[in-house]
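What follows draws every value from the coordinates through simple rules; no lab data is involved. The structure presented is a predicted model; accordingly, all values stated were derived computationally and were not measured. Don't worry about glycine lacking a Cβ; one is built from the backbone with ideal geometry, like all the others, and counts go over all protein chains shown.
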Amino acid sequence: MSDFKTYQQHFPVAKKVNVAIPVPQGDIFRDWAIISSIDEDLVTLQLSRDELPAGVRLSTGSIMDLRVGSDDSGYSCRGIIVAEGFQREIILRLIGEIVSNELREFYRIDAFLPIRYFITSEKSETALKIAWKEKREARLAAEKEQKEREKKPWERLRDMRHEEQPDEELTGEDLRNSKEDDDEVVEEDDGLDHSWDDVIPLAANISGGGIRILLHHQFAEDDLVPVEIYVPLESGPKIIDAVCKVVFSRENLAAEKQFNRPTYNTGFHFLWIDERERDALVTYISNVQLKRIRMMREHYMLRERPENEVLADKATIIKRRITQAIIGVMALTALTFIVVYFINYTENRPKNEIELIFDKGFMEYLKKMGRINGKP
């Protein structure tokens, strides 16, 4: 079955699909839409709303996810926005394969990322999931607190006043006092998590469904491993917490010779990960891929040719010019020979009978006229 028929089979007209619209800050806005039409790989979607929230834009060239069903029994495909019509109608060109179950596994890159993994003796999935949720909640609370600290004092005062009395406006005196307080504040915390400064990035093959890395510790298949991944998003770094299940752990002999210690290719599947963080990870992956494609295209267009190719071209050009010069000389020689031959032939060729009779008659006429003496 061709890709076009597969697209039409999985995304028929009038089908309701979930869409994930990328937001400039690196987040994902989720909505649903109805498929209005499909022609080969071009799909027209009618979004559920006429107006999108502030900050959510549909720009040509952006990559969107189309998803049907749940994470366990659904499937998805990616599409590039090629046009936007009236009443929030957008046209997508589907790309790649339709993927079931693990909806993000097909989108992956090789990258160097700071990664922490934790060896735990806990075997209970319930206990690990509870610990993962508590860790995420604590991290979100810390991030919220940090954002509050980054606000200016008068902004914090405005928020406090707004919570207490929403209709009350700050006076000029309040703003001046807040400004004076801000001048007296000495920032001791820069808001950065310096615990990652000494974490050496690992060579990882990563996707929205899991990660493969080289480790010096051997895990058993189906082991549960909590991990933290430092993702350098354009909007700012983000720490992703997840609990992974070990898919495989194989000895890598080549890496062992290089590091002089046991080394294992280890594959992890994300067992528990927040979907917003998964979307942020996929956004990072897609941005890296687009940058690499752009760099490869620019390098190809502006690349310097290898020196041996340049020398070979120079030798070819010299040979061609010498050949052209030789052919030119030969052609000129042949032309000169032909011209000289025809001149000599014209002057020295034997006269025919008519010409001889004419010359004889003409000479006799001259004699009679006394113009010449003697024989012709």
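Sorted by packing (mean other beta-carbon atoms within 10 Å per residue), highest first, where do 209-221, 248-260, 315-327 land?
Going by the mean number of other Cβ atoms within 10 Å, highest first, we get 209-221, 248-260, 315-327.
Could you pull out every residue, at least 5 positions away or on a different chain, whose amide H is within less than 5 Å of the one on G74? Hs are placed 1.01 Å off N in the peptide plane, and Pro or chain starts have none.
Here the answer is N101, since their amide H atoms fall under 5 Å of that of G74.
Ranking request for peptides 269-276, 359-366, 331-338: highest mean number of other beta-carbon atoms within 10 Å first, then the rest in descending order.
Ranking, from highest mean packing down: 269-276, 359-366, 331-338.
Can you compute 3J(HN,Hα) from phi for each residue in the range 234-250, using the Karplus curve 6.51 cos²θ - 1.76 cosθ + 1.60 with θ = phi - 60°, rounded to whole Hz and x for Gly and Pro?
Using θ = phi - 60°, the values come out as 5, 7, x, x, 9, 9, 9, 9, 8, 10, 10, 10, 6, 8, 7, 8, 10 Hz.
Taking θ = phi - 60°, what integer Hz values does the Karplus form 6.51 cos²θ - 1.76 cosθ + 1.60 yield along the range 205-219, in sequence order, with x for Gly and Pro?
In residue order, the calculated couplings are 9, 10, 9, x, x, x, 8, 10, 9, 8, 10, 8, 10, 9, 9 Hz.
For L271, enumerate residues with amide H under 5 Å from its amide H, sequence gap 5+ or separate chain, H modeled in the peptide plane.
Correct list: V243, C244, K245.
Show me 47-54, 131-138, 261-268 ranked by packing, highest mean number of other Cβ atoms within 10 Å first.
261-268, 131-138, 47-54
Which three extents, in angstrom, do the Cα atoms of the range 308-369 have along their principal axes, listed largest first?
Sorted largest first, the three principal extents are 86, 20, 10 Å.
Determine ³J(HN,Hα), in whole Hz, for all residues of the range 34-48 in sequence, where each value follows from phi through the Karplus function 6.51 cos²θ - 1.76 cosθ + 1.60 and θ = phi - 60°; x replaces Gly and Pro.
Once rounded to whole Hz, the list reads 10, 6, 7, 7, 9, 10, 6, 9, 9, 10, 9, 10, 9, 5, 6.
Does anything in the range 230-262 have its amide N under 14 Å from the 7 Å Cα→Cβ label point of N205, and if so which residues?
Within reach of a label on N205, which here means backbone N under 14 Å from a point 7 Å along Cα→Cβ, the range 230-262 contributes 247-252.
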